[in-house]
Amino acid sequence: AIEIVQKASALIGNPALTRAHPLERHLRDILCARVHSPQSDSVLKAAGIAALGPFVESVAR
């Protein structure tokens, strides 16, 4: 994903780096994601809730 957004930004040039361009937000988000990766326990918890959420809710009733 990083490479795709960087290549798209390179194709567009300087306008892709302005706040007015939608790609700027994607570039900023993807670059921040490299530095601020989620904690593994948070990822596992979110995956468990996503997978088992409906099951857990039906059992809890």
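The values are calculated or read from the model by the stated rules, or taken from the named source; none is laboratory data. Computed from a predicted model, the values in this text were never measured in an experiment. Using ideal geometry, Cβ is built from the backbone for each residue, glycine included, and neighbour counts are taken over all protein chains shown.
Given the residues E57, E3, which is the only one that is at pLDDT 85 or above and loosely packed, with under 10 Cβ neighbours inside 10 Å? Explain how you work it out, then say what you get.
Details: E57 fails: at pLDDT 85 or above.
Checking each option against the conditions leaves just E3.
Mind checking whether some residue in segment 44-52 is surrounded by 10 or more Cβ atoms within 10 Å (Cβ to Cβ) and part of a loop (DSSP other than H, G, I, E, B)?
Looking through segment 44-52, none of the residues is surrounded by 10 or more Cβ atoms within 10 Å (Cβ to Cβ) and part of a loop (DSSP other than H, G, I, E, B).
Would you confirm whether any residue within segment 22-37 is in a helix (DSSP H, G or I) and either hydroxyl-bearing (S, T, Y) or at positive phi (or both)?
No, segment 22-37 contains no residue that is in a helix (DSSP H, G or I) and either hydroxyl-bearing (S, T, Y) or at positive phi (or both).
Just to be sure I understand the filter: pairs with C-beta atoms under 6 Å, separated by 6 or more residues or on different chains, first member in segment 25-39 and farther than 9 Å from I2 by Cβ and modelled with pLDDT under 80, second member assigned to a loop (DSSP other than H, G, I, E, B) and acidic (D, E). Which pairs pass?
Close Cβ pairs satisfying both conditions: none exist.
Being under 17 Å from A1 (Cβ atoms) and free of Cβ contacts under 8 Å to residues at least 12 places away in the same chain is the filter; apply it to segment 13-23 and report the residue that is surrounded by the fewest Cβ atoms within 10 Å (Cβ to Cβ).
By that ranking, first place goes to P22.
Before we move on, is R34 within 15 Å of the chain's Cα centre (by Cα) and either surrounded by 11 or more Cβ atoms within 10 Å (Cβ to Cβ) or aromatic (F, W, Y) (or both)?
So R34 fails the test.
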